[in-house]
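Derivation of every value follows stated rules applied to the coordinates shown; laboratory data play no part. Just so it is clear, the model here is predicted, and its values are computed rather than measured. All Cβ positions, even for glycine, are placed from backbone atoms using ideal geometry, and neighbour counts span all protein chains on display.
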Amino acid sequence: MYSFTPTEEQQMLLDAVKRYAEGDIRPASREAEEKSDIPPALLEKGWELGILQASIPEAYDGFGDYSVLNGVLAAEGLAYGDLAVTMGVMTPNLFVLPILLAGSEEQKKEFIPPVIEMEWKPYTAALIEPSFDFDPLDLKTTAERKGDSILISGEKIYVPFAKEAESLLIYANLEGKTQAFIVAGDTEGLTIGERDKTLGIHAYPLYSLTLDKVKIPVSQPLNGAAGHPMDIIMASWQVALSAMAVGVAQAAFDYAVEYAKDREVFGVKVAQKQSIAFMLAEMGTDIEACRLLAWEAAWMLDEGKESSSKHAFLAYHGAVDMVMMVTDRAVQILGGHGYIREHPVELWMRNGRGFATFTGLAMV
């Protein structure tokens, strides 16, 4: 059985994340949203927490062991401050962790150390495609072997920091299977399009890109010619998003509770209205249920349990519905105030609505 008591190391991580989320991210989140930009200093301060580095073994210049559970705890705590900034700080995870989990030993030694050293750098990944029936296991972007090279063609959207990316992991269909390919940001045939306009996470820079027979060495697929399974990578995406959804929902819930306790309507506190009290109780219950699902899935992944991928999917599926319900009700509880930008609940609702489409945008 796993314990619900954090280790000393986990508690230190939680304390550091909480200070950063509440003291730095939350105060800057509204301006970042309005300006559609994450301040570089804010990114750098989050990077200095060393969350990714602590998941990388010393053999690849990190200072810890990979732990999905630690990543989930950090992701939830950061998202409590703001989702867009959290995704920004953790964008290099999208490049590094699949290499750590599924890359060859040579790829790990070559590509991981330059990313995790010193300052935050724009290393990213491209998965999502502009099609209604997008399926990460049935991609329309194709990869074709041509002698000692591979040619990649297709379109991607929602690619974080693509405009300045030094390298990307690009996912494509190779002989009927989704595989990841390491591609330099300046590779010929790779064209960065316009910045995507989204309902939420305005501060997070997402771009479309086009691949026109992008040519890479045959050694650049993740794990080389042998290829790799996708289940552990997908499970990591799902638990990361689950944890972030819990963080966003908890922020909205806490704000709604405080508002309901302070606000009077016709001489009665809003929280004393039976309909509001029932609403808050259901919100709190669903948040706790999804938090436990995410923790359990993360623990199972760390332990290598056979059904861990299934539990990661269940955690994600539950969190997608939960975060939308909680953030929507937070807006309702604030009444007319919930619809104006003076209060952050409208931002959390817009961000919460996106979790169903964020596959591949977070990884722990």
message = Between helix 231-262 and the chain, what is the angle of the helix's C-alpha long axis to the longest principal axis, kept within 0 to 90° and rounded to the nearest 10?
response = 20
The chain: angle of helix 105-116 to the longest principal axis, Cα-based, in degrees nearest 10 = 50
key: Restricting segment 249-331 to trypsin sites (Lys or Arg not before Pro) in coil, as DSSP defines it, with at most 16 other Cβ within 10 Å   = Arg263, Lys273, Lys305
Per-residue ³J(HN,Hα) for segment 169-177, Karplus 6.51 cos²θ - 1.76 cosθ + 1.60, θ = phi - 60°, Hz, x for Gly and Pro = 9, 10, 9, 8, 8, 10, 6, x, 10
query = Taking the highest mean first, how do the peptides 156-162, 104-110 order by number of other beta carbon atoms within 10 angstrom per residue?
reply = 156-162, 104-110
message = As a footprinting exposure proxy, order Ser55, Ser131, Ser36 by other Cβ within 10 Å, with the fewest listed first.
response = Ser131, Ser36, Ser55
task = Determine the gain in length on full extension of the stretch Glu58-Leu14; use 0.36 nm per residue of separation and subtract their C-alpha separation, reporting nm with one decimal.
result = 13.6 nm
message = Between segment 119-145 and segment 26-41, how far is it from one alpha carbon centroid to the other, in angstrom?
response = 27
key: Entries in Lys156/Lys213; Lys18/Lys45; Lys109/Lys156; Lys45/Lys121 that, when Cα-Cα distance is taken, lie over 21 Å   = Lys109/Lys156
query = Cα to Cα, under 21 Å, and not fewer than 8 places away if on the same chain: which lysines meet these conditions relative to Lys261?
reply = Lys269, Lys273
remark   = Toy charge model, Lys and Arg Cβ at +1, Asp and Glu Cβ at -1: segment 229-292 dipole around Cα centroid in debye, rounded to 20, equals 180
ask   = ³J(HN,Hα) across segment 28-35 via Karplus (A = 6.51, B = -1.76, C = 1.60, θ = phi - 60°), whole Hz, x for Gly/Pro?
value = 9, 5, 5, 5, 4, 5, 5, 8
task = Starting with the highest mean, order 345-353, 77-85 by the number of other Cβ atoms within 10 Å, averaged over the residues of each peptide.
result = 77-85, 345-353
Packing-based order for 47-54, 192-199, using average beta carbon neighbours within 10 Å, highest first = 47-54, 192-199
task = Quick one: check the C-alpha center-to-center distance for segment 184-198 versus segment 222-255, whole angstrom.
result = 24
Reachable aspartates and glutamates from Lys310, criterion Cα separation under 12 angstrom, eight or more residues apart if same chain = Asp231, Glu296
ask   = What list of ³J(HN,Hα) values in whole Hz, one per residue of segment 308-318 in order, does the Karplus curve 6.51 cos²θ - 1.76 cosθ + 1.60 (θ = phi - 60°) give from phi, with Gly and Pro shown as x?
value = 4, 5, 4, 5, 5, 5, 4, 4, 5, 4, x
